[in-house]
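Only the coordinates and a few stated rules stand behind these numbers; no lab work does. Computed from a predicted model, the values in this text were never measured in an experiment. As a convention, Cβ positions derive from the backbone with ideal geometry for all residues, glycine included, and neighbour counts pool all protein chains shown.
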Amino acid sequence: MNLERYKEIVSEITPYGARLVAVSKTKPESDIRTLYESGQRIFGENKVQEMTAKYEALPKGIDWHHIGHLQTNKVKNIAPFVALIHAIDSLRLLEEIDKQAQKNNRIISCLLQVHIAREETKFGMDPTEIRSLLDSPAYHSLGNIKICGLMGMATNTEDEKQVGKEFAGLKSLFDNIREQYFSEQPDFKELSMGMSSDYRIALKHGATLVRIGSEIFGDR
Ligand SMILES: *Cc1c(COP(=O)(O)O)cnc(C)c1O
């Protein structure tokens with residue numbers, strides 16, 4: 001773990017008004033404690049079992065963000081405590097989160113994942129699917145979820161122009177969706193984009209949450 005690098009990243013991000021999701025997947029609890037003691041509050045995990053174990057062992061002041069693909073049958077395990085779910089890719093997943101949130105007397109904050117990369121393998125919805133989800137009566141009947149913004153992952157490439165184009169496209173979709181569907185809902189304000197390799201590009205294009213793992217914690 002690299003505390004110096006962590007501090008540098010925080011000071012790079014802060015002028016943009018963005019926040020850091022420290023992606024601690026596969027990393028030991030001791031690393032998380034060290035960052036927590038330096039003031040970090042948001043940690044990102046992509047495996048439900050690992051996240052739940054860390055939640056139980058670590059300070060309750062931590063905001064746990066679920067960042068990767070989430071299986072419907074595992075939602076119940078994180079519903080009692082998760083602070084934000086970044087990667088909603090279907091109405092079915094949203095319905096399950098709503099159901100489990102209701103059981104826990106909570107409203108769970110979620111981001112819709114947009115497919116912006118060239119790769120076929122990355123999860124997410126295209127803009128048409130996002131709009132049809134937001135237009136559907138089923139979505140409007142959900143009382144225990146709150147859509148707080150959008151999330152995306154750029155193509156894994158050295159081509160910074162390509163990555164910039166993808167982030168710019170996501171930002172412009174974010175602005176359009178906000179105006180069209182959330183103009184009366186100030187909580188729709190998060191744009192989760194950027195990882196270790198491309199967070200600087202993401203910040204220039206309006207990211208409000210950057211998800212950084214290996215640059216802080218080392219290779220996995
Ligand atoms: C692992 C992961 C990250 C962090 O990746 P790094 O390259 O280690 O910064 C960000 N977002 C998601 C969805 C991830 O799964």
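Annotations
- Those residues of region 162-190 whose amide nitrogen sits under 14 Å from the label point placed on Lys204, 7 Å along Cα→Cβ: 162-169
- Farthest towards the positive end of the charge dipole of region 1-99, among the residues Val10, Met51, Asn73, is the Cα of Asn73, using unit charges on the Cβ of Lys, Arg, Asp and Glu.
- Simple spin-label estimate for Thr14 and Ser172 gives 3.4 nm between the two label positions (7 Å along the Cα-to-Cβ direction from each Cα).
- √(5λ) per eigenvalue of the Cα gyration tensor, region 1-59, largest first, Å: 21, 12, 9
- Euclidean distance of C-alpha centroids, region 122-178 and region 50-72, integer Å: 23
- Sorted from longest to shortest, the spans of the Cα atoms of region 3-217 along the three principal axes equal 48, 43, 33 Å.
- Divided by 2.2 N^0.38 Å, where N counts the residues, the Cα radius of gyration of region 47-164 comes to 1.12.
- Compactness ratio for region 105-220: Cα radius of gyration over 2.2 N^0.38 Å (N = residue count) comes to 1.11.
- Intensity falloff of region 1-103 expressed as log10 I(q)/I(0), Debye formula with alpha-carbon point scatterers, at q = 0.11, 0.14 Å⁻¹: -0.36, -0.57
- Cross-link check: pairs Lys54/Lys189; Lys54/Lys161; Lys7/Lys74; Lys76/Lys204 evaluated at a Cα-Cα cut-off of 30 Å; pairs beyond the cut-off: Lys54/Lys161; Lys7/Lys74; Lys76/Lys204.
- FRET efficiency, Ser90 to Glu184 (Cβ-Cβ, R0 25 Å, nearest 0.05): 0.50
- For region 89-129, the residues whose backbone nitrogen is under 11 Å from a point 7 Å from the Cα of Lys165, taken along Cα to Cβ, are 118.
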